[in-house]
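Only one structure is covered here, and it is reproduced in the block below.
The values are calculated or read from the model by the stated rules, or taken from the named source; none is laboratory data. These figures come from a predicted structure and were not determined experimentally. We place every Cβ from the backbone using ideal geometry, glycine too, and count neighbours over all the protein chains shown.
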Amino acid sequence: MPYPVSVEVQPSLTGRNRLTTAFRLILAIPHLILVGGTTIGFASRDRNLGAGGEGGLLGAIAFFLAVVSWFTIVIAGVHILGIRQFTLFFLRWRVRALAYLMLLTDAYPPFGDAPYPASITVDEPPQARDRVTVALRLVLLIPHFIIVGFLMLGWGFASIGAWFVILFTGSYPSALVDFSVGAMRWRLRVEAYLLLLVDDYPPFSLT
């Protein structure tokens, strides 16, 4: 069965904008403040896994709401609809910001919801939530925390390499597409699981 979190990206490979690429980190600052970015300190330093201090202001709210949801799900088996909707909104914004920051596309991300060549879809979980896995969510994710830390390191170096290639050739290196999109997909699946949007354990896969 396909995993209930789907991340799709339509990368821009040719005809890239070298000027916005050169200043990408500066241009992305508003989105970094609101929904965060990605760092190689993902596993050790960013203990909130992109849903708190490294997930920007909206990510900090989403992480706090996940703590609230932990109690409501473990005690009553209920994930409050408003919390779920806000968390999904945060992740939709976040996937667009990450795709832009990490040079997968040149289109500037919208502030909020709007069509964009990077998207995330999260299926509704069963009405009967798995309270045991919710209660142990942080412990269960330890293997992913370690692996994604190395993935973010690799993705960071890949994006730096892509930055130079785009500046010199105007094209994103096609050899890096599958890895870059896969690394983002893996990370966002883990974030969705951490934020209690799904109960299915994230696969150890880039696809």
Quiz item: Quick one: Val165 ticks every box in (1) closer than 27 Å to Phe86 by Cβ; (2) assigned to a helix (DSSP H, G or I); (3) out of contact with any Lys or Arg (no Cβ under 9 Å at 6 or more places or on another chain) bar one, so which box is it?
Solution: (1)
Quiz item: Has the stretch 90-112 got at least one residue that is within 28 Å of Asp200 (Cβ to Cβ), part of a helix (DSSP H, G or I), of a type in the set (Val, Ile, Thr) and in contact with a strand residue (DSSP E or B) (Cβ under 8 Å, 6 or more places away or on another chain)?
Solution: yes
Practice problem: Using the structure shown, decide if Arg96 is buried (at least 16 other Cβ atoms within 10 Å of the Cβ), more than 15 Å from the chain's Cα centre (by Cα) and modelled with pLDDT of 95 or more. | Solution: no
Exercise. Would you please list the contacts, defined by Cβ atoms under 7 Å and residues six or more apart or on different chains, that run from a residue in the stretch 94-106 that is over 16 Å from Asp178 (Cα atoms) to a residue that is basic (Lys, Arg)?
Key: Leu101/Arg24; Asp106/Arg16
Quiz item: Of the residues Phe145, Phe64, which single one is modelled with pLDDT of 95 or more, within 22 Å of His31 (Cβ to Cβ) and not small (Gly, Ala, Ser)?
Solution: Phe64
